[in-house]
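Visitor: So that we are looking at the same thing, I have put the structure below in structure tokens.
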Amino acid sequence: MRLSKQERIAVLVIAVIIILGLGIFLFIVPQFQNIGTDTATLVNKQQELQTARDKAATKEDLKEQVIEAYKDGQDIADMFFEEMKPYEADNEIRNFIQYCKDNGVKVSVDSMTISSPVVSELGVTFTDEEQITYDLKTAARGESADQEASEEEQRMNILREALANTQSVASIDVTLTVSALEPDTLISFADLVNDYKKADDGNVRKAIRLSSGLAIQYPDVETKYNKVIDDMTLDLNYDALKELADKHDIKIPSKADLKKALGLDEDTTTAAADGDGENAVAANNNKDDEITEFPEEYIYSAEVTVTLYSLERMQDPTDKLIAQDQQ
């Protein structure tokens with residue numbers, strides 16, 4: 001059966017419509033679905049990218065914080081000695097004695113005992129200064145100064161909290177007998193212990209302290225003290241003996257003769273201090289002459305215990321941070 005021209009056109013139009021419909025469902029609709037999926041994926045990837053960027057920025061900040069903390073730690077570590085064995089502590093004490101001599105404090109070490117290294121606890125002491133406020137001061141400083149003061153107070157509070165607990169470090173005690181010709185030299189020695197600085201460690205004060213008191217021995221004072229005690233003892237005993245002898249009509253030597261016989265009289269003591277007594281006689285016979293010979297200098301000594309604190313230094317984190325960046 002032959003179709004008319006109109007029928008053929010109608011069939012052709014229907015066929016085209018069917019083909020277009022099938023094309024839309026087979027090709028265009030899935031593409032729209034893919035576009036939606038790709039859009040969601042794009043949003044997720046953009047979020048991941050932003051998260052990665054935030055992490056990278058945080059990582060860079062953390063890197064700077066780590067390096068800054070390392071530098072601060074190095075400054076603190078410069079105050080401490082390297083962890084040492086007893087023979088290394090001996091070298092440090094010798095360097096310190098040389099430091100004393102270089103600063104005009106001439107002392108000698110007669111004996112030295114070095115203990116084994118131990119762990120010590122170090123605490124932190126804060127001194128709070130009272131701040132006074134009044135209207136004119138507040139007006140003169142303005143809000144910016146108040147804000148800076150508030151930020152400084154916050155930093156101090158954080159520091160107090162961070163250092164609230166004691167910190168453990170290594171330490172080693174060195175007990176030594178120090179001698180000098182003048183007692184003030186020993187006092188200057190104690191001052192240098194509390195202000196010891198090493199140029200090769202950044203010229204900062206070292207963690208060393210005088211952990212024992214400074215008891216200076218004065219030989220001349222001890223000699224005079226012993227003589228006074230001997231004189232007092234002799235006087236008391238002689239007075240009691242004299243009273244008893246008078247009761248029984250017994251004659252005993254005078255106190256001056258007894259002191260002379262025992263070598264406690266002033267002339268004998270002075271002669272002994274001058275050697276064989278000839279210098280004293282010459283001085284008495286020639287009072288206007290200048291005395292050119294002096295008694296032997298006394299040596300003052302003190303036993304002290306010095307504690308040296310040591311700390312293990314942190315490793316330089318630069319290489320590790322670079323390796324992490326390359327991963």
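What follows draws every value from the coordinates through simple rules; no lab data is involved. What you see is a predicted model, and the numbers here were worked out from it, not measured in a lab. We place every Cβ from the backbone using ideal geometry, glycine too, and count neighbours over all the protein chains shown.
Visitor: Place the peptides 101-112, 79-90 in order of packing, highest mean first, counting for every residue the other Cβ atoms within 10 Å and averaging per peptide.
Guide: The peptides rank, most packed first, as 79-90, 101-112.
Visitor: Counting other beta carbons within 10 Å of each Cβ, put Glu92, Glu312 in order, fewest first.
Guide: In order of increasing Cβ crowding within 10 Å: Glu312, Glu92.
Visitor: Looking at segment 1-70, which trypsin sites (Lys or Arg not before Pro) are in a loop (DSSP not H, G, I, E or B) and have at most 15 other Cβ atoms within 10 Å?
Guide: Qualifying residues, ordered by number: Arg2.
Visitor: Could you check the spin-label model distance between Ile250 and Asp316? Points 7 Å from the Cα along Cα→Cβ, value in nm.
Guide: 9.1
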